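The values are calculated or read from the model by the stated rules, or taken from the named source; none is laboratory data. Only a predicted model underlies this, so the values are computations on that prediction, with no experimental measurement involved. Here the Cβ is made from the backbone with ideal geometry for all residues, glycine too, and neighbour counts use every protein chain on show.
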Amino acid sequence: MALPKIDPTSTVAWKKLQEHFRSIQSIQMKDMFALDENRANNFSIIWEDFYIDFSKNRITQETLSLLFQLAQEVKLKEAIDCYFSGENINETENRAVLHTALRAGENEKILVNGQNIIPEISEVKKKIENFTNQIESGSKTGFTGKAFTDVVNIGIGGSDLGPSMVVSSLEFYKNHLNTHFVSNIDGDHINEVIKKLNPETTLFVIVSKTFTTQETLTNAKTIKEWFLKSANQEAVSKHFVAVSTNIEDANCFGINQSNIFPIWDWVGGRFSLWSAVGLSISLSVGFDNFNKLLLGANKMDKHFKSEALENNIPVILALISVWYNNFFKSETEAIIPYSQYLNRFSIYLQQSFMESNGKSIDRNGNPINYQTGSIIWGQPGSNSQHAFFQLIHQGTKLIPSDFIGFVESLHGNKEHQDKLISNFIAQTEALLNGKSKEDVLNELKDQGLSAEEINKILAYKVFEGNKPTNTIFIKKLTPESLGKLIALYEHKIFVLGIIWNIFSFDQFGVELGKQLAGNILEKMKNNTFANHDASTLKLLYYYKNLT
């Protein structure tokens, strides 16, 4: 069973949404609140420890009804069934998409090519658990018999962004091991990391599905050369492990087969933190917490798979994004977590969304004439309030924003938490209501300004408001709640791809630059720079003449 291949613009619902948009595009959200005292209740969902408020959006009940009709016409429910069933929905690469299986229960049954993959997943989880416990306890040591103090994850893309985001987010739950991430091929970056390390007490985790990724292998070889200045070749097997399908090349690097953790081709890189790619997560926070992360994601999976569209959190948030992207023509969405722990969350979602849905060819192989992937960006509040919020509040662009907050602080500082959450809530209220000319005028009069002074400054202090936000309010940041949150956005990505009739699970756009880089590198070695445009040639000569 393949994914449906329906052009959304050909549906009845899309045409009705276009008409509906023309009739309400200038609607004021604060007027809708004034007319409906139950709006906050009608446009919110409480699920487990999550409170999702989507009432501060330029939508009516009719908007939602038409969006749900669109979802039905593009056969979203059937697509969700394909998503979880093990069908090869990544058609361009002829693969299943089953990162959800990595967090499934041990008693579940999921078939790929007729084989139940759950026992194999459970076996790898057990291997991760045993290895983590040995490193944490100090029973597995380095080449001089000393316990490990540091772990370095060497990867790039999903092999770095997912694990580094989770480790940062769960810093409160960390054990005694120091965790570092090396991703950029920039030699300065890698040297800044290794100069802080003791080769006797550092474990290196090389994460590369193929064990051929240029950046990862270059960094791994540089680290190995540094390591061998203090140890012999035999010691490599005690300090280097791999997450890869390429056992032969990992062995040649010096890694014992027992220290190679498998990954499957039905796990996409940007959705791989739930697999052995998450080994550095387990090593950082302990396997029990890693398992709770998986449990949280599995709970969101079940909600997404079984809940009706009208009460389905990822579906609703995705449909609202379609509304802004395709009808209001908004090009970006901001993700604003009010927790410093989630300082890498928006960066992680940039890859997940933009690599998945940055496509211009539909599932029928035809060029697309409507907008697909949104630009995703953001950083934690309240820092962001002193950075780019000026643009959101008073700029010319409409930027729908997700606000993510936690009721409880982890360290229990009530004074700080009250101030943080007061900002979290106040910003969505300010974006909703703005500040009218009349309010500004009265405020300036109260300050004792003259009529001339008021006239000069008045227009600059008006906020038009009517800026849309979603609020995701979670009781507490835990491994489980983080798992739910990540899975929520994963499923939102999937829904968007289905609505837009694109394949969300390939990333051919990543490959062209890599291919050209290899070609240019070879020419650098040979000093032959033919067959390039004039700009590229000048850049190459500029670099060669200064090195």
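Points to keep in mind about this one:
- Among the residues of segment 85-118, those that are part of a helix (DSSP H, G or I), crowded, with 19+ Cβ neighbours inside 10 Å and in contact with a Leu (Cβ under 8 Å, 6 or more places away or on another chain) comprise LEU102, ARG103.
- Which numbered condition GLU429 misses (of (1) over 25 Å from MET32 (Cβ atoms); (2) out of contact with any helix residue (DSSP H, G or I) (no Cβ under 9 Å at 6 or more places or on another chain)): (1)
- Residue within segment 317-325 that is free of Cβ contacts under 8 Å to residues at least 60 places away in the same chain and under 30 Å from ILE472 (Cα atoms) present: yes
- Residue check for PHE271: closer than 30 Å to LYS127 by Cα, at pLDDT 95 or above, in contact with a His (Cβ under 7 Å, 6 or more places away or on another chain) and in the same structural domain as LYS126 (by TED's automatic domain parsing): yes
- Test: SER282 is among the hydroxyl-bearing types (Ser, Thr, Tyr) and either touching a residue at least 40 places away in the same chain (Cβ under 8 Å) or crowded, with 24+ Cβ neighbours inside 10 Å (or both): yes
- Qualifying residue in segment 525-540 (condition: in a helix (DSSP H, G or I) and either modelled with pLDDT under 85 or hydroxyl-bearing (Ser, Thr, Tyr) (or both)): yes
- Any chance GLU310 is part of a helix (DSSP H, G or I), farther than 24 Å from SER183 by Cβ and among the charged types (D, E, K, R): yes
- Where helices (runs of 4 or more DSSP H) fall wholly inside segment 363-463, the ranges with 3 or more residues that are assigned by TED's automatic domain parsing to the domain that holds GLN351 are 389-394, 414-433.
- None of ILE347, ILE313, ILE336 is closer than 25 Å to VAL510 by Cβ and either crowded, with 24+ Cβ neighbours inside 10 Å or at pLDDT 95 or above (or both) except ILE347.
- Scan of segment 333-362 for residues that are more than 27 Å from ILE89 (Cα to Cα) and either among the hydroxyl-bearing types (Ser, Thr, Tyr) or assigned to a loop (DSSP other than H, G, I, E, B) (or both), ordered by number: TYR338, SER339, TYR341, ASN343, ARG344
- Beta carbons closer than 9 Å, at least 6 apart along the sequence or on distinct chains, pair a first residue in segment 1-16 that is modelled with pLDDT of 95 or more and among the basic types (Lys, Arg) with a second that is assigned to a loop (DSSP other than H, G, I, E, B) and surrounded by 12 or more Cβ atoms within 10 Å (Cβ to Cβ) for LYS5/ASP362; LYS5/ARG363; LYS5/ASN501.
- Failed criterion for SER330 (all others in (1) over 29 Å from ILE154 (Cα atoms); (2) assigned to a helix (DSSP H, G or I); (3) of a type in the set (Ser, Thr, Tyr) hold): (2)
- Test for GLY483: is it over 16 Å from ASN289 (Cα atoms) and not assigned by TED's automatic domain parsing to the domain that holds PHE271: no
- Selected residue (only one of THR9, THR60 is under 19 Å from LEU496 (Cβ atoms), within 30 Å of the chain's Cα centre (by Cα) and not charged (D, E, K, R)): THR9
- Restricting attention to segment 496-524 and to residues that are of a type in the set (D, E, K, R) and assigned to a helix (DSSP H, G or I), the residue that is farthest from ASN88 (Cα to Cα) turns out to be LYS523.
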